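The values are calculated or read from the model by the stated rules, or taken from the named source; none is laboratory data. Predicted model, so just to flag it, every value in this text is computed and none were measured. Methodologically, a virtual Cβ is constructed for each residue, glycine included, from the backbone with ideal geometry; neighbour enumeration extends over all protein chains shown. Each accessible area value is taken on the protein alone, full model and side chains, heavy atoms only, with ligands, DNA and RNA left out. Shrake-Rupley method; radii C 1.70, N 1.55, O 1.52, S 1.80 Å.
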Amino acid sequence: MTVKEIFETMDYGPAPESAAEALAWLAEHSDGFGHFIDGRFTKPGAGFDSRNPANGNVLATLTQATQADVDSAVAAARAAQGKWAQLGGPGRARHLYALARLLQKHARLFAVLETLDNGKPIRESRDIDVPLAQRHFYYHAGMAQLMEKTQAGREALGVCGQIIPWNFPLLMLSWKIAPALAMGNTVVLKPAEYTSLTALLFADICRQAGLPKGVVNIVTGDGDVGRMIVDADVDKIAFTGSTEVGRAIRETTAGSGKSLTLELGGKSPYIVFEDADLDSAVEGLVDAIWFNGGQVCCAGSRLLVQEGVAEDFYRRLRRRMDGLRVGDPLDKCIDIGAIVDPVQRDSIARMVDGNTEGETYRSAATLPAKGCYYPPTLITGLSPASTLMQDEIFGPVLVGTTFRTPSEAVELANNTRYGLAASVWSENINVALDMAPKLVAGVVWINGTNMLDAAAGFGGMRESGFGREGGWEGLTAYTKPIGKPKPLTKIEAFTGDKGPEDGIDRTAKLYIGGKQARPDGGYSRGVYSKSGTLLGQAPIANRKDIRNAVEAAQAAKGWPAATAHLRAQVLYYLGENLSARAEEFTNRLNQMTGTRTGAKEVDAAVDRLFTYAAWADKLDGDVRSVPLRGVALAMREPVGVIGALCPDEAPLLGLVSIMAPAIAMGNRVVLAASDPFPLAATDFYQVLETSDVPAGVVNILTGNHAELAPTLATHADVNAVWSFSSTDVAATVERGAAGNLKRTWVNNRQSRDWMGEKGEGQTFLDAATEIKTVWVPYGA
Ligand code: NDP
């Protein structure tokens with residue numbers, strides 16, 4: 001045989017990883033697993049089998065948690081939390097380092113167990129899942145060490161309920177547990193029913209590491225257990241899974257005061273330009289859609305390829321697909337392992353079989369006769385509205401279509417309800433970097449895909465959820481400002497029967513699209529001073545006025561595109577113009593509120609405008625230290641259109657404290673002014689009109705907060721809703737926001753010191769921006 005013949009006929013031999021150690025560990029628990037509560041395993045109870053999807057064999061029997069189990073896990077976490085927080089950052093860091101080291105020491109056992117339980121190739125669990133999980137614990141050990149210095153003024157939330165899916169069982173556990181523990185929280189975590197084993201092994205590691213009892217609690221079971229955790233006395237819910245369940249959790253927790261982060265589904269575009277290195281882009285696709293059998297929330301599952309190279313690209317892709325090896329996940333030569341469960345495989349098959357459009361190509365790879373497998377599949381020629389182009393398949397199925405121009409690529413890419421990730425392939429840096437800000441996605445990979453690291457934030461926009469995991473931004477999800485705020489009581493408007501002092505009746509209007517507008521309903525109400533004198537009439541806005549205001553805000557697209565320098569200038573100008581009319585505003589405030597604090601409030605409002613003018617071009621993004629030859633940019637982007645119910649108690653300062661950071665960061669706002677004291681806001685129109693604020697950037701409505709809140713919260717073109725009203729609308733806002741999963745920030749009936757430090761600063765700037773991580777590898 002010649003060398004050439006050997007090369008041509010050479011095939012892979014099997015290279016199986018030994019499962020002996022993992023099977024021995026499972027054998028130690030042959031009588032079943034209990035839960036891990038208060039530092040020890042409970043006695044196994046009635047439960048369910050966990051199977052190896054590669055062959056259907058039962059691996060272990062797990063316990064279905066009861067309400068009593070969840071209650072005792074939450075109680076253990078509650079009891080442990082105070083002491084854990086008091087241990088201090090450096091004390092907690094030592095525990096996190098110990099956990100990271102033990103994960104490293106038992107890396108092989110974790111990897112094999114993960115592969116047995118989930119069906120993912122051992123190459124992936126060994127080289128990606130487990131090292132990244134370790135990295136999260138190491139990184140957050142450092143965050144714990146630095147907490148007192150870098151998170152000054154913030155403290156732990158308390159007890160966190162955490163619910164994770166089956167696609168990255170150990171990795172999702174580490175994404176949840178590491179930052180929570182670092183910041184001084186304790187946790188009750190529920191792994192997915194299909195894949196609980198590495199979480200239970202992790203519990204064992206917690207015991208070995210001497211982690212104080214009650215700090216980590218793990219309960220197993222199905223979605224009902226998840227629901228029990230959501231309903232439990234916890235301070236935060238962190239969830240990763242389907243958009244459907246995430247939305248249900250948003251609705252259930254509405255108005256409860258529980259903090260919430262949701263990392264949900266995606267249909268991430270994978271955009272290939274004609275000047276891309278096509279072979280690299282094909283290889284990237286192998287990682288994008290066939291990594292973990294496509295059961296990846298950020299999978300590049302929607303291929304968009306430029307028309308001129310489409311046929312060539314598809315041809316190369318099909319050839320590569322035929323070379324993919326599907327089989328025993330423990331075999332180190334395998335590219336694609338088993339699908340997690342027959343239920344998931346059937347769901348994939350149902351979606352693919354139900355499609356009647358385009359052209360379907362299945363890889364020529366042979367599948368094992370036994371076990372739960374699905375062939376790599378490519379479906380091209382789909383229309384943008386096709387179900388398979390819009391819905392998450394969550395399997396090894398790539399769907400695709402073509403585009404002609406970069407702007408068409410952006411349009412197609414953003415034509416989805418999701419916004420998790422995107423990949424852009426082009427050898428032209430101008431094209432690639434021009435695309436990144438235009439894509440609605442929390443993560444953008446340039447000439448790469450599925451790059452993940454603890455130092456880089458990960459999370460979505462739109463219906464892919466909210467909140468970030470990893471990086472500095474991930475910490476805010478596990479901390480809150482120190483101190484107990486005072487309860488906020490409802491502030492009522494004054495009533496009266498006296499006419500205006502000067503005999504002239506003044507009826508204010510709404511401010512929409514840069515113009516004063518009569519309210520749609522034509523109604524207004526009298527605003528009276530404390531002594532009952534009529535100060536003026538304020539319009540009562542209705543849902544139609546909100547719609548008009550949102551439309552005007554959406555149309556003001558130039559504002560986010562304007563330079564930060566220009567936005568700063570407009571804010572300075574607003575500050576100067578308000579300052580010039582200080583006396584008039586002071587009198588108005590004093591008359592409306594019946595206090596003498598007007599001058600102080602105007603001063604603070606002017607100062608706040610100058611402060612956010614200063615921030616406009618200084619709130620930087622940064623470059624993250626990820627293990628990559630290249631950079632991961634954490635870019636701050638505006639949230640979009642923010643609807644806000646302004647505080648009742650500080651009619652001018654409250655409005656300015658919300659408007660200024662929002663517009664400084666490039667957002668457009670629809671503000672419902674102080675409900676009882678609306679006239680400072682209507683006077684403010686003139687300041688806006690004389691300060692070069694482009695039409696539609698600031699829209700102001702007056703009216704009843706309880707009536708305006710539901711429309712703002714459910715409006716599909718509003719991206720975030722904030723409420724600082726003294727009317728209790730938290731539940732309405734959060735429940736209404738579940739529809740398009742908009743970001744919410746509600747006061748939960750707690751007061752804020754608008755004059756003092758809490759009325760300004762980082763919290764507002766953070767809420768006004770979202771971090772987009774853009775990965776830019778470089779080098780030949
Ligand atoms: P789910 O969203 O149902 O599951 C995620 C986690 O939530 C699991 O631990 C699950 O428990 C639990 N859960 C289920 N129902 C509730 C509930 N009402 N309240 C609280 N917790 C609950 O995802 P599935 O596993 O059912 O997968 C379905 C689809 O979701 C997939 O096909 C895929 O499209 C998408 N998905 C997205 C993921 C992502 O990373 N974004 C991850 C996984 C799935 P249990 O153990 O019973 O499943």
Could you let me know the centre-to-centre spacing of region 221-283 and region 444-476, using Cα atoms, in angstrom?
-> 12
Distance in nm between Thr597 and Met1 label points, each 7 Å along Cα→Cβ, equals 8.7
Calculate the radius of gyration of the Cα atoms of region 432-559 to one decimal place, then report Dmax, the largest Cα-Cα distance, as a whole number, both in Å.
-> 24.1, 70
Rounded to the nearest Å, the spacing of the alpha-carbon centers of region 730-759 and region 58-135 is 33
Contour minus end-to-end for Asn55 and Lys149, with contour as 0.36 nm per residue of separation and end-to-end as the Cα-Cα distance?
-> 28.7 nm
Taking region 1-64, the whole-percent share of alpha-carbon pairs separated by over 20 angstrom is 51
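Give me the percent of DSSP beta bridges within the chain that run antiparallel, rounded to the nearest 5.
If we restrict to bridges inside the chain, about 40 percent are antiparallel.
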Would you be so kind as to identify which of Val188, Ala22, Leu420 lies farthest towards the positive end of the dipole of the chain, taking Lys and Arg as +1 and Asp and Glu as -1 on Cβ and the Cα centre as origin?
-> Val188
Structure shown: which of Lys490/Lys530; Lys438/Lys544; Lys509/Lys544; Lys557/Lys742; Lys557/Lys772 lie over 21 Å apart, alpha-carbon to alpha-carbon?
-> Lys438/Lys544
Charge dipole magnitude, Cβ of K and R +1, D and E -1 - region 137-241, Cα centre, debye nearest 20 | 280
About its Cα centre, how strong a charge dipole does the chain have in debye, to the nearest 20, once Lys and Arg get +1 and Asp and Glu get -1 at the Cβ?
-> 1420
For region 717-731, in residue order, the Karplus 3J(HN,Hα) values (coefficients 6.51, -1.76, 1.60; θ = phi - 60°; whole Hz; Gly and Pro = x) are 9, 9, 8, 8, 10, 10, 9, 10, 5, 8, 7, 7, 10, 4, 5
Alpha carbon centroid spacing (whole Å) that separates region 362-431 from region 579-658 = 41
Cut-off under 5 Å, modelled amide H: who pairs with Thr744 long-range = Val721
Helical mean residue ellipticity (222 nm; -39500 (n - 2.57) per DSSP H run of 4+; nearest 500) of the chain = -12500 deg cm²/dmol
List the lysines whose alpha-carbon lies under 30 Å from that of Lys83, not counting same-chain residues fewer than 8 positions away?
-> Lys43, Lys105, Lys149, Lys176, Lys190, Lys213, Lys236, Lys258, Lys480, Lys484, Lys486, Lys758
Value in Å of the Kirkwood radius, where the chain supplies the Cα pairs that are averaged | 27.8
Full-stretch length increase - Ala20, Asp277 - with 0.36 nm per residue and alpha-carbon distance subtracted = 88.2 nm
Amide H neighbours of Gly448 at under 5 Å, excluding residues fewer than 5 places away on the same chain, with H built from the backbone geometry, are Val424
Amide H partners (placed H, <5 Å) of Val631, local residues excluded = Val776, Tyr778
Please check the chain for the longest run free of chymotrypsin sites (Phe, Trp or Tyr not before Pro) that are loop-located per DSSP (anything but H, G, I, E, B) and have at most 11 other Cβ atoms within 10 Å.
-> 13-777
One finds, for Asp224 and Asp620 with R0 = 35 angstrom and r their Cβ-Cβ distance, a FRET efficiency to the nearest 0.05 of 0.15
Please report the relative contact order for the chain, taking Cα pairs under 8 Å with a sequence separation of at least 6, and give it as a percent rounded to a whole number.
-> 12
Spin-label pair Ala364/Gln686, simplified geometry with 7 Å Cα→Cβ offset, distance in nm | 8.0
FRET E, pair Ser531, Arg506, Förster distance 22 Å, beta-carbon r, rounded to 0.05 | 0.80
Leaving ligands, DNA and RNA out of it, work out the accessible area of Val440 with a 1.4 Å probe and give it in Å² to the nearest 10.
-> 50
In nanometres, what is the gap between the two model label sites at Glu583 and Glu427, each 7 Å from Cα along Cα-to-Cβ?
-> 7.1
Dipole magnitude of region 62-209 about its Cα centre, charges +1 at Lys/Arg Cβ and -1 at Asp/Glu Cβ only, in debye to the nearest 20?
-> 500
Taking +1 at the Cβ of each Lys and Arg and -1 at the Cβ of each Asp and Glu, which of Leu609, Gly575, Pro627 sits farthest along the dipole of region 566-632 towards its positive end, judged by Cα position relative to the Cα centre?
-> Pro627
Given a Förster distance of 41 angstrom, what is the FRET efficiency for Asp607 paired with Thr489, based on the Cβ-Cβ distance and rounded to 0.05?
-> 0.90
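So for region 237-367, Kirkwood radius off the Cα pairs, Stokes-Einstein at 20 °C and 1.002 mPa s: how many µm² s⁻¹?
Result for D is 124 µm²/s.
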May I ask you to evaluate 6.51 cos²θ - 1.76 cosθ + 1.60, the Karplus curve with θ = phi - 60°, for each residue of region 281-294 and list the ³J(HN,Hα) values in order in whole Hz, giving x for glycine and proline?
-> 5, 5, 5, x, 5, 4, 6, 6, 10, 9, 5, 6, x, x
Specify which residue in the list Gly739, Gly82, Gly499 is farthest towards the positive end of the charge dipole of the chain, using unit charges on the beta carbon of Lys, Arg (+1) and Asp, Glu (-1), about the Cα centre.
-> Gly82
